[in-house]
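The values are calculated or read from the model by the stated rules, or taken from the named source; none is laboratory data. Predicted model only: the values in this text are computed from it and were never measured. In this analysis, Cβ positions are derived from the backbone assuming ideal geometry, glycine residues included, and neighbour counts consider all displayed protein chains. Accessible surface is based on the protein model in full, side chains and every heavy atom, while ligands, DNA and RNA are left aside. Shrake-Rupley method; radii C 1.70, N 1.55, O 1.52, S 1.80 Å.
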Amino acid sequence: MGLSAALRLIAVSGCLLLLCGSSWGNNATVPLVIWHGMGDSCCNPLSMGAIKKMVEEEVPGIYVLSLMIGKTVVQDTENGFFMDVNEQVSFGSQFLRAVAQRCPDPPMKNLISVGGQHQGVFGLPRCPGESSHICDWIRKMLNSGAYTDTVQKHLVQAQYWHDPLNDDLYKKHSLFLADINQERVVNETYKKNLMSLNKFVMVKFLQDTMVDPVDSEWFGFYKPGQDKELETLQESAIYTEDRLGLAEMDSAGKLVFLATDGDHLQFTREWFNDNLLPYLR
């Protein structure tokens, strides 16, 4: 199977985030860390493995690390569903953005979010492994109480579940998303660390059937109190109040908004090379 075809199969995975750090030893290239999303693993030859191989071919000498959260590929996949996101971040892994905000050393150069849900999700339209009992169970847990302590601590999807109809409940009980989005209090360290990035690149898939709402991939979301009308990042309080420094980053040309046709994480090698590779060099 050609790599272009393999990349189209990445739609079975969750969000893909690419992190470029400082120079690696005497190597002039910048190291790359890849973190997969729900339903995928670090080393799947049809997804993360293909991305790793492609980048290594395009950027000779680059050091690429595809994160494994756990000791085995099976554990890595399961942890994508069930491991507390805050524990995953401290383990070393929207989740690499938390690393950018909480862990400034070693410094990041660029953060590239490919289909990441920065304002969370309010829906699970196409859970990876649609026929799996896991997806059915996840939906039941989210519907019964996404913000209960048990669900928040043991279900990854609940930790970036953003209910616009219950905004106060979300802000009070969301263990992960409300924290990194500065919904309760502004942590100046988070803000300073994120603003230290050279570029924060966000990719939105215009035909995405997995992320709801898809605007979350560009930091947009529903206006508070309803689930019909959307607002852009620039219209949101997180921007107008500049809780994360995104407005200042935008003015400085540090935010990059890219869009591509296709479903979740469906792109060709040519598109990747033309649009994302420049930020990996």
Over the range 32-279, give the accessible area per residue in Å² for a 1.4 Å probe, as an integer.
42
Dipole axis of the range 32-279 (+1 Lys, Arg; -1 Asp, Glu on Cβ), positive-most option in 70, 112, 159:
70
What does the charge count near residue 66 come to, summing +1 for each Lys or Arg and -1 for each Asp or Glu among other residues with Cβ under 12 Å from its Cβ?
-1
In the full protein assembly as shown, how much of residue 232 is accessible to a 1.4 Å probe, in Å² to the nearest 10?
60
All other residues with a Cβ under 14 Å from the Cβ of residue 279 taken together, and with Lys, Arg as +1 and Asp, Glu as -1, what is their net charge?
+2
In the range 32-279, carbon and sulfur make up what percent of the accessible area (probe 1.4 Å)?
53
If I ignore ligands, DNA and RNA and count only protein heavy atoms, how much of residue 255 is accessible to a 1.4 Å probe, in Å² to the nearest 10?
20
Nearby aspartates and glutamates by direct alpha-carbon distance to residue 172 (threshold 16 angstrom, same-chain neighbours under 8 apart not counted):
149, 163, 183
May I ask you to work out the translational diffusion coefficient for the range 156-272 at 37 °C, viscosity 0.692 mPa s, via Stokes-Einstein with Rh from the Kirkwood sum over Cα pairs, reported in whole µm²/s?
214
For 82, 200, give the ranking by accessible area with the largest first, probe 1.4 Å.
82, 200
I want the antiparallel fraction of DSSP beta bridges within the range 32-279, as a percent rounded to 5.
10
Tell me whether the range 32-279 comes out rounded, prolate or oblate; compute the Cα gyration tensor, take square roots of the eigenvalues as a ≥ b ≥ c, and use a/c under 1.5 as the rounded threshold.
rounded
Cα→Cβ-extended label distance, 7 Å offset, between residue 240 and residue 196, nm
3.1
Computed E for residue 232/residue 133 - FRET, C-beta separation, R0 45 angstrom, nearest 0.05:
0.75
